[in-house]
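See structure below.
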Amino acid sequence: MTKVDIIDIEKSNIDELRSRLKGEMTPELFKDDNLFERFLRARGQNVDAAELMLRNHLKWRQANTIETIQTDYTPTEVLTKYSSLELLGFDKEGSPVIYCSFGNMDTRGIYKSGTRYDFLRYFVQLLEGHLEALKQHNLKVQLPKTGKSQHQWVFIFDYDNFQLANATHKPTIDIVISFINMYDANYPERLKSAYLINGSLIFQMCWNLIRHFLSGPTFQKVTIFGRDGYGEVLRKSIDADILPKFLGGNKTDPDGNPRCVQSIRFGGQVAESYYIQHRRLSVLPDSMHLVVGRLSKEEVQLQVIRPGTNIEWEFVLKSKDVDYYVVHRAHSQAEPKEVVYKQRVEAGFCSETGVYMCEKAGIYSLVFDNSYSWIYSKHINYKFAIAES
């Protein structure tokens, strides 16, 4: 099939899909060829499947008041102060370049300070703002310069300083998965490329959990880097004067700061004064009670049959603090190997939650370690289970 044939088929499908949605969309959306083109490509030019996807998208737009989200939605101070999703500028082809300092975001603190709905709605507001910036850039720069508009964007997710506590925090993972599902359903074919930089073993733990939720086309546009090598790749498509120096470009703050802190938010630790009271686990009927004596450890076990199974835990302390970690044994007599490294948590407003994808079958134990405490026993209510698929 020739390129001309492909273009003719796409045009015919766009006309057909548009005719099916006549009178059911805003005039601005209805005249947008790219909207129909993107949803058709996301469904392999299957008009029926694209129609269903687009109708669901229109319902989502109405339910979440997307048309007025820029003016009618006011995010919480925690989100505007401690989140990160910054428009750096536009690449050499005119696509927006969006940077997220995910490793520096205190996603646990944000979770304790609001709701998942607020978190997702705020990031939709940011995405819609970036789309408006793209629209203006097309009108003022791209169309006069090239005669063509751009419709895709570039993401840079930075995992520098990414902490184990966030990599295994189940609400964080749940929010990321919800965001991926929402994004794939409502922003198809928007992604030009995604660069995940400063990846580490801790990042890999999180990536193993979420990568399965990416659609095939999205997954293929993701490139992962460790601590180096990304600067040269980014400069191939992004002008060095747009790219901050800490990412391999030339841009700095007026005072020479390579971090560009005057234009980029990096997140940071959320102040506890923002935390809201969550329901304590102790009121849940299916939680178990455990006492960890002073100078001792206690563990609870699960048998995992299939590699790739997710296990989840949730617990709350009555007072003080405790160390916890997860170990794996191939069988009951084998030496344990830490797979989720030791973390110390304190009694707080909400339960401690986590999730881990088991790369191997065997016995997994959630260990509570109070061996450092000479005086106090620790009272814990907990749940430890295989995640429901």
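The values are calculated or read from the model by the stated rules, or taken from the named source; none is laboratory data. It should be emphasised that the depicted structure is a prediction, and the values quoted were computed from it without experimental measurement. No Cβ is skipped: glycine too gets one built from the backbone with ideal geometry, and neighbour counts run over all protein chains shown. With ligands, DNA and RNA removed, areas are computed over all heavy atoms of the protein, side chains included. Shrake-Rupley method; radii C 1.70, N 1.55, O 1.52, S 1.80 Å.
Could you check how many residues of the range 360-389 are open to solvent by less than 10 Å² (accessible area, probe 1.4 Å) and either of a type in the set (G, A, S) or in a loop (DSSP other than H, G, I, E, B) (or both)? Explain how you work it out, then say what you get.
To start, the set of residues in the range 360-389 that are open to solvent by less than 10 Å² (accessible area, probe 1.4 Å) comprises 362, 364-370, 378, 380.
This time we only want the ones that are either of a type in the set (G, A, S) or in a loop (DSSP other than H, G, I, E, B) (or both), so: 362, 365, 370.
So the count comes out to 3.
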Name the strands (runs of 3 or more DSSP E) wholly within the range 151-225 that hold at least 2 residues that are open to solvent by less than 10 Å² (accessible area, probe 1.4 Å)? 153-158, 191-197
Flag for D33 being open to solvent by 40 Å² or more (accessible area, probe 1.4 Å) and in contact with a Lys or Arg (Cβ under 9 Å, 6 or more places away or on another chain): yes
Residue count, the range 42-99, condition within 20 Å of E189 (Cβ to Cβ), of a type in the set (S, T, N, Q) and open to solvent by less than 20 Å² (accessible area, probe 1.4 Å), comes to 1
Among the residues in the range 170-183, are any closer than 21 Å to S95 by Cα and in contact with a Leu (Cβ under 9 Å, 6 or more places away or on another chain)? yes
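Inspect the range 88-109 for any residue being more than 19 Å from D239 (Cα to Cα) and without any contact (Cβ under 8 Å) to a residue 24 or more places away in the chain and give the result as yes or no. Even if it seems obvious, please write down each step before you answer.
Just the residues of the range 88-109 that are more than 19 Å from D239 (Cα to Cα), to begin with: 101-109.
Next cut, without any contact (Cβ under 8 Å) to a residue 24 or more places away in the chain only: none.
So far as the range 88-109 goes, no, none of its residues is more than 19 Å from D239 (Cα to Cα) and without any contact (Cβ under 8 Å) to a residue 24 or more places away in the chain.
What are the residues in the range 256-271 that are open to solvent by 50 Å² or more (accessible area, probe 1.4 Å) and touching a residue at least 60 places away in the same chain (Cβ under 8 Å), if any?
The answer is S263, R265, Q269.
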All positions within the range 226-249 that are open to solvent by less than 60 Å² (accessible area, probe 1.4 Å), farther than 29 Å from S178 by Cβ and assigned to a helix (DSSP H, G or I): G231, V233, S237, F246
Considering only the range 140-160, I want to know if a residue exists there that is at pLDDT 95 or above, under 13 Å from the mean Cα position of the chain (by Cα) and β-branched (V, I, T). yes
Candidate set: the range 272-282, residues that are in a helix (DSSP H, G or I) and at pLDDT below 50; chosen: the one surrounded by the most Cβ atoms within 10 Å (Cβ to Cβ): L281
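Might you let me know whether the range 164-173 holds any residue that is closer than 23 Å to E359 by Cβ and basic (K, R)? I'd like the intermediate steps shown before the answer.
So the first thing to find is which residues in the range 164-173 are closer than 23 Å to E359 by Cβ, and the list is 164-173.
Retained after the next criterion (residues that are basic (K, R)): 170.
Yes, the conditions are met somewhere in the range 164-173.
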Out of all the residues in the range 289-310, which are surrounded by 13 or more Cβ atoms within 10 Å (Cβ to Cβ) and either in contact with a helix residue (DSSP H, G or I) (Cβ under 8 Å, 6 or more places away or on another chain) or β-branched (V, I, T) (or both)? V291, V292, V300, V304, T309, N310
Here the residues within the range 311-359 that are outside any strand (DSSP E or B) and crowded, with 20+ Cβ neighbours inside 10 Å are S351, C358
Right, L209: farther than 29 Å from V339 by Cβ and touching a residue at least 24 places away in the same chain (Cβ under 8 Å) or not? no
